[in-house]
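Below is one structure, written out as structure tokens; the observations come after it.
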Amino acid sequence: MIENHLNRRKFIQGTGALFTLSALQAKGLSLTPSKRMKVGLIGAGWYGKSDLFRLIQVRDVDVVAVCDVDEKHLEEAGQLISKRQVSGQHPQLYQDYRDMLADHRLDLVLIATPDHWHARQAIDAMRSGAHIYLQKPISVDVLEGEAILSCARKYNRKVQVGTQRRSTAHLINAKERVIDQGLLGKISHVEMCCYYHMRKNGNPPQQPIPDFLDYDMWTGPAPLRPYDGLPHGGWWRTFMEYGNGITGDMGMHMFDTVRWLLHLKWPKRISATGGIYVQKNGKSTIADTQTAIFEYEGLNCIWQHRTWGNAADPEYPWAFIIYGDRGTLKGSVMKYEYIPTGEGLPIRGEVVYEREKFPEDLQEPRIELHTAPATRQHMLDLLSAIENDHLPIADIEEGHISTACCILANLAMQLNRPVQYDPHRKICIGDPEATALLRRSYRAPWQHPYVS
């Protein structure tokens, strides 16, 4: 029974890869591996394992090493990986990613740690010789992102950022059928939103650090908060010490999607208002309410989030809406809808699942079934980029622009004035105070990777 299941899984992996291979060959690209890639994972929690399992589904790779500061996460990940990968091999386990990089010459490293670790780990992994799959947002300050981009270009490393909306089938369909066909007409306004009640805001007491967690290493370059429970269960996301708030988390996804759809780069100016307006009773330091405006020539892209109250449109609680003079396009991770102005027919599309092609998805705890196909496609695009020497669809430069703009929105909210970032001079124009905030202080002995 076990052997039959393994053979079936190999067949499914092969058919999934072949399906995409035909599409790549139609573009003149190859996805024929010259060797079996050696892969490492840094951050073996929920999403780290999920990303790795999507890779394993589309390519027979050799996952040789896994790193996590939580020994329980680490042991679980090692056992699951040995069952999932075709070779059946158990990866070596590490609590310090630097030891992992020193012991192995890895071809590809997946990074799914909390945001405050992304820059340091990505740069160290690239310097060791690896290409990168990097979860978003890529950084917690603007100059970290500049350092990652510079390193990727210096060493010719391919970096795919986990903004997988660019590889989401129904949104690709919306781009091709609506945006690229010009059905919206002149586009001069975009709204983006998230109304999920996702801001953890408790008041847990200080606790002893459990012996299975290296809390000092978990904290790394970030400020060392008193330990008040496992931070990596999502608790860390409620603190600006470790991330960029909901604008930098959920907003970054939608802003990146809109930039991809409309071929936008850096906005000319960013402004924002907001703060903790309602949920004042807990420890959380991220805004529960925020509105940001990303200004382009003749186009405003407006972000809004609330972690309280009702969604403006219950069918699109986390979404983008693109307004043109000939129609409107609504989109989310689940569907899209084109609504013409005047004559014309509506166009709709829904998320594409792959339950039959990858039935093991149905047995995976906490899997986002609607996202799994996009992540698989994202992985295949990265593999093609590595093997055919082209930039991946969510290249590090694109991830940097989307991340940095959301960080700049937070700075504009903090300073209560608009900011204008110059990516060439790496300053906020005419604003030395804002420029000083482009780089956070690192906790010793960790060193910030940006060198001016």
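The values are calculated or read from the model by the stated rules, or taken from the named source; none is laboratory data. Because the structure is a prediction, the values reported are computed rather than measured. Cβ placement follows ideal geometry from the backbone for every residue including glycine, while neighbour counts extend to all protein chains displayed. These accessible areas exclude ligands, DNA and RNA; they are computed on the full protein's heavy atoms, side chains included. Shrake-Rupley method; radii C 1.70, N 1.55, O 1.52, S 1.80 Å.
Things to note:
- Leading residue by the ranking (farthest from R366 (Cα to Cα)) among those in segment 239-262 that are of a type in the set (D, E, K, R) and open to solvent by 10 Å² or more (accessible area, probe 1.4 Å): E241
- Contact map, segment 280-297: residues that are more than 16 Å from F320 (Cβ to Cβ) paired with residues that are outside any loop (DSSP other than H, G, I, E, B) and open to solvent by 30 Å² or more (accessible area, probe 1.4 Å), Cβ distance under 6 Å, separation 6+ or inter-chain. Pairs shown: T289/R306; E295/R269.
- Residue match in segment 373-384 (condition: surrounded by fewer than 18 Cβ atoms within 10 Å (Cβ to Cβ), at pLDDT 95 or above, acidic (D, E) and closer than 23 Å to L108 by Cβ): no
- The criterion of being within 30 Å of D51 (Cβ to Cβ) and open to solvent by 10 Å² or more (accessible area, probe 1.4 Å) does not hold for W303.
- Of the residues G342, G331, the single one that is small (G, A, S) and surrounded by 15 or more Cβ atoms within 10 Å (Cβ to Cβ) is G331.
- Consider segment 176-194 and keep the residues that are more than 15 Å from T328 (Cβ to Cβ) and surrounded by fewer than 21 Cβ atoms within 10 Å (Cβ to Cβ). The one that is nearest to the chain's Cα centre (by Cα) is E176.
- Only one entry in W236, W266 is open to solvent by 30 Å² or more (accessible area, probe 1.4 Å) and touching a Pro at 6+ places or on another chain (Cβ under 9 Å), namely W266.
- E360 being of a type in the set (D, E, K, R), surrounded by 18 or more Cβ atoms within 10 Å (Cβ to Cβ) and not in a loop (DSSP other than H, G, I, E, B): no
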